[in-house]
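Let me begin by presenting the structure, written as structure tokens, before commenting on it.
Nothing in this text is a laboratory measurement; each read-out follows from the coordinates by a stated rule. Nothing here was measured: the structure is a model prediction, and the numbers come from that model. No Cβ is skipped: glycine too gets one built from the backbone with ideal geometry, and neighbour counts run over all protein chains shown.
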Amino acid sequence: MKLYHLLALLPLIGLTVGMPFANRVTPYIFGMPFILFYIVLWMVLTSGIMAIVFKLDPVNKEEA
């Protein structure tokens with residue numbers, strides 16, 4: 001298993017393991033309860049992480 005495969009597991013770990021710790025309403029961030037902000041944050045981070053994994057994966061660098 002390559003390092004970029006482990007990088008792809010970060011969103012899963014962040015959302016499943018971190019959810020009980022983020023399960024609170026206050027504080028409000030950008031008008032959202034903290035739990036909703038936490039989920040939206042991980043959605044944005046997941047997009048960035050998957051873009052990095054795509055760039056690091058050598059299969060995507062092969063010519064068609």
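Can you spot a residue in the range 3-23 that is among the small types (Gly, Ala, Ser) and loosely packed, with under 10 Cβ neighbours inside 10 Å? No, every residue in the range 3-23 fails to be among the small types (Gly, Ala, Ser) and loosely packed, with under 10 Cβ neighbours inside 10 Å.
Across the range 18-57, which residue is nearest to the chain's Cα centre (by Cα) among those that are touching a residue at least 40 places away in the same chain (Cβ under 8 Å) and in a helix (DSSP H, G or I)? It comes out as 49.
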